[in-house]
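Novice: First, the structure itself, so that you have it in front of you.
The values are calculated or read from the model by the stated rules, or taken from the named source; none is laboratory data. Keep in mind that this is a model prediction, so the values were computed, not measured. Counting neighbours? That spans all protein chains shown, and the Cβs are built from the backbone with ideal geometry, glycine included.
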């Protein structure tokens, strides 16, 4: 059981890891050893996540979620398989933690009348200053 928050924990059986060859640093090792990790987590069918968290996670992950609702995280930052596994797991946990936070309810407010008046007065003043700089047409001496 991987503990995400106090209320949320996911079973390790819900995660699927696949090891693939990584590009980047590593010399000949890169061509021989599959060090990159592809972590798959079925968001849409996970019993561990509450429905609201599931929905926010899908929205937050964006293109990393497939049509079937499977979240795919590719980790290839490090040269060793173990560090990439840990990196993928950390990124998944962080993503779920972000999705677990309930968005703050925004109460709509109106700006005070005085600030509105100040803004309009400033606009009028700027308009007047610019109008005074314009050349006067049709004026004959």
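Novice: Please go through segment 10-29 and give me each residue that is surrounded by 10 or more Cβ atoms within 10 Å (Cβ to Cβ) and modelled with pLDDT under 80, ordered by number.
Specialist: Passing the criteria: 11, 22, 24, 26, 29.
Novice: Determine which single condition residue 90 fails, assuming it passes every other condition in (1) under 30 Å from residue 33 (Cα atoms); (2) surrounded by fewer than 16 Cβ atoms within 10 Å (Cβ to Cβ); (3) at pLDDT below 90.
Specialist: All conditions pass for residue 90, except number (3).
Novice: Give segment 39-56 a look and list any residue that's touching a helix residue (DSSP H, G or I) at 6+ places or on another chain (Cβ under 7 Å), more than 16 Å from residue 3 (Cα to Cα) and in a helix (DSSP H, G or I), or say none.
Specialist: Matches in segment 39-56: 56 only.
Novice: Evaluate segment 103-126: report whether one residue or more is at pLDDT 85 or above, within 28 Å of the chain's Cα centre (by Cα), crowded, with 16+ Cβ neighbours inside 10 Å and farther than 25 Å from residue 18 by Cα.
Specialist: There is no residue in segment 103-126 that is at pLDDT 85 or above, within 28 Å of the chain's Cα centre (by Cα), crowded, with 16+ Cβ neighbours inside 10 Å and farther than 25 Å from residue 18 by Cα.
Novice: Same structure, new question: In segment 74-86, how many residues are surrounded by fewer than 19 Cβ atoms within 10 Å (Cβ to Cβ), assigned to a helix (DSSP H, G or I) and touching a residue at least 12 places away in the same chain (Cβ under 8 Å)?
Specialist: Number satisfying all stated conditions: 2.
Novice: Of the residues 71, 49, which is touching a residue at least 40 places away in the same chain (Cβ under 8 Å) and either buried (at least 16 other Cβ atoms within 10 Å of the Cβ) or touching a strand residue (DSSP E or B) at 6+ places or on another chain (Cβ under 9 Å) (or both)?
Specialist: Residue meeting the stated conditions: 49.
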